[in-house]
Amino acid sequence: MAQNTQLLTLNNGHKMPMIGIGTWQASDAEIEVAIEAALEAGYRHIDTASRYGNEKAIGQVLKRWLDSGKVKREELFIVTKLPLNANAPSDVEPIIRKSLADLQLDYVDMFLIHTPFTLMASEDGGVKRDEQGLAIPDLRTNHAATWIEMEKLVANGLAKSIGVSNFDQEQVARLLKTAKIRPATNQIEHHVYLQQKELVDFCKAEGIAITAYAPLGSKGLAKFNAGFGIVRELPDLMDVPEIKEIAAAYGKTPAQVLLRWIVDTGVIAIPKSTNPERLKQNLDIFDFKLTDEEVAKLVKLDQNFRIFNFASHHGAERHPEFRFKNEFTN
Ligand SMILES: NC(=O)c1ccc[n+]([C@@H]2O[C@H](COP(=O)([O-])OP(=O)(O)OC[C@H]3O[C@@H](n4cnc5c(N)ncnc54)[C@H](OP(=O)(O)O)[C@@H]3O)[C@@H](O)[C@H]2O)c1
């Protein structure tokens, strides 16, 4: 089956589908159904991470599809990440090998450093916390040293491309000073309420593609936050009048307008859905295009509102590479 999306050519020549399916906060049972439905719908780009805990379930679906010949490996674009509790140079190869084993793949298409800050790992593979329950920063973080190990993954064929996630402009610029392989993407929170224009323009000018996470405003985050006792009102991007108005004009949904805006600005988006109808809808955005006026209208909605402020990792703000504003930072 042909893939049903536009492709963006990365700085190394590899092509990345501009819509992928996000997989955070999906149980094994949910993600199996969702990945099956996504591949049927034409998705070929899957965004996961060892921290999401569902790589094995994704791997089972991928194996079925690859074994049956319904899809060829080279048609897929699989992204996974080096977790925030294992960012040391010595973690890189063992971590990707574990992800590859779980995903039942020989290589991933993109391997990302998940966050610029690092937290100490607990014995059970989670995040180590002190007596007050605060996450303990791992102050040994050295992006340049970790990046050398990331570059080896490209050389030894375990990752076709490498990149970063949640890096700010200074962190990207610093990495570029020593990198032999430039990051292919920076995966950041990006949607109409958090457009991060400066960072996006900087990365694009440096040949680094932007991948937008939480492109629909991450409705599931409120539930996740509640698990950490964090109550914070989050905007509903699908209820913004300007977006609803444009959606009505095209006979599309607000979610489709939010995604089309991202793609129209040359950015890759990875909306998560485990609902077969909604995930189909999120890919069905290539039969309309926003006018310049509509794009400009959406640009004006920017509120610099960060939905993912990593407050659930209270304690991480003590790490010098932690750059997010939240209720625990000054
Ligand atoms: N690098 C990082 O640090 C980082 C951080 C966060 C996320 N990510 C990645 O980015 C992906 C996307 O971000 P996200 O999951 O936080 O948020 P998101 O994609 O903005 O939003 C997902 C939420 O929207 C709902 N939804 C999806 N399609 C919809 C539609 N067409 N209409 C109405 N509701 C819809 C989903 O519910 P249903 O499932 O019920 O449809 C889910 O609750 C993640 O899954 C993950 O892969 C990366």
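The values are calculated or read from the model by the stated rules, or taken from the named source; none is laboratory data. From a predicted model like this one, the values you see are computed outputs, not experimental measurements. Cβ atoms come from the backbone with ideal geometry, glycine included; neighbour counts cover every protein chain shown. All accessible areas refer to the heavy atoms of the entire protein, side chains included, with ligands and DNA or RNA removed. Shrake-Rupley method; radii C 1.70, N 1.55, O 1.52, S 1.80 Å.
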Sort out which residues of segment 136-181 are within 18 Å of the chain's Cα centre (by Cα), among the hydroxyl-bearing types (S, T, Y) and over 26 Å from E74 (Cα atoms), and write them in order of number. none
Those residues of segment 279-314 which are open to solvent by 30 Å² or more (accessible area, probe 1.4 Å), touching a strand residue (DSSP E or B) at 6+ places or on another chain (Cβ under 6 Å) and not in a loop (DSSP other than H, G, I, E, B), in sequence order: none
The lone exception for T80 - which of (1) within 22 Å of G157 (Cβ to Cβ); (2) free of Cβ contacts under 8 Å to residues at least 40 places away in the same chain; (3) part of a helix (DSSP H, G or I) it fails: (3)
Out of all the residues in segment 278-285, is one or more farther than 24 Å from K204 by Cβ and more than 15 Å from the ligand (Cβ to nearest atom)? no
Among strands (runs of 3 or more DSSP E) completely within segment 1-57, the ones holding 2 or more residues that are within 26 Å of V257 (Cβ to Cβ) and out of contact with any Phe, Trp or Tyr (no Cβ under 8 Å at 6 or more places or on another chain) are 7-9
In segment 260-278, how many residues are touching a helix residue (DSSP H, G or I) at 6+ places or on another chain (Cβ under 6 Å) and buried (at least 24 other Cβ atoms within 10 Å of the Cβ)? 3
Just to be sure, is K252 assigned to a loop (DSSP other than H, G, I, E, B), surrounded by fewer than 22 Cβ atoms within 10 Å (Cβ to Cβ), without any contact (Cβ under 8 Å) to a residue 40 or more places away in the chain and within 7 Å of the ligand (Cβ to nearest atom)? no
If you check P116 against the conditions, is it over 30 Å from E40 (Cα atoms), in contact with a helix residue (DSSP H, G or I) (Cβ under 6 Å, 6 or more places away or on another chain) and open to solvent by 10 Å² or more (accessible area, probe 1.4 Å)? no
Considering every residue within segment 67-83, establish whether at least one is in contact with a helix residue (DSSP H, G or I) (Cβ under 6 Å, 6 or more places away or on another chain), within 14 Å of the ligand (Cβ to nearest atom) and open to solvent by 10 Å² or more (accessible area, probe 1.4 Å). no
Looking at this structure, is H319 touching a residue at least 60 places away in the same chain (Cβ under 8 Å), more than 16 Å from the ligand (Cβ to nearest atom) and either open to solvent by 50 Å² or more (accessible area, probe 1.4 Å) or farther than 27 Å from A34 by Cβ (or both)? no
Please verify whether segment 196-206 includes one or more residues that are assigned to a loop (DSSP other than H, G, I, E, B), under 21 Å from F324 (Cα atoms) and either near the ligand (Cβ under 9 Å from one of its atoms) or not hydroxyl-bearing (S, T, Y) (or both). yes
Checking the condition open to solvent by 10 Å² or more (accessible area, probe 1.4 Å), touching a residue at least 40 places away in the same chain (Cβ under 8 Å), near the ligand (Cβ under 10 Å from one of its atoms) and aromatic (F, W, Y), which residue from F224, F228 passes? F224
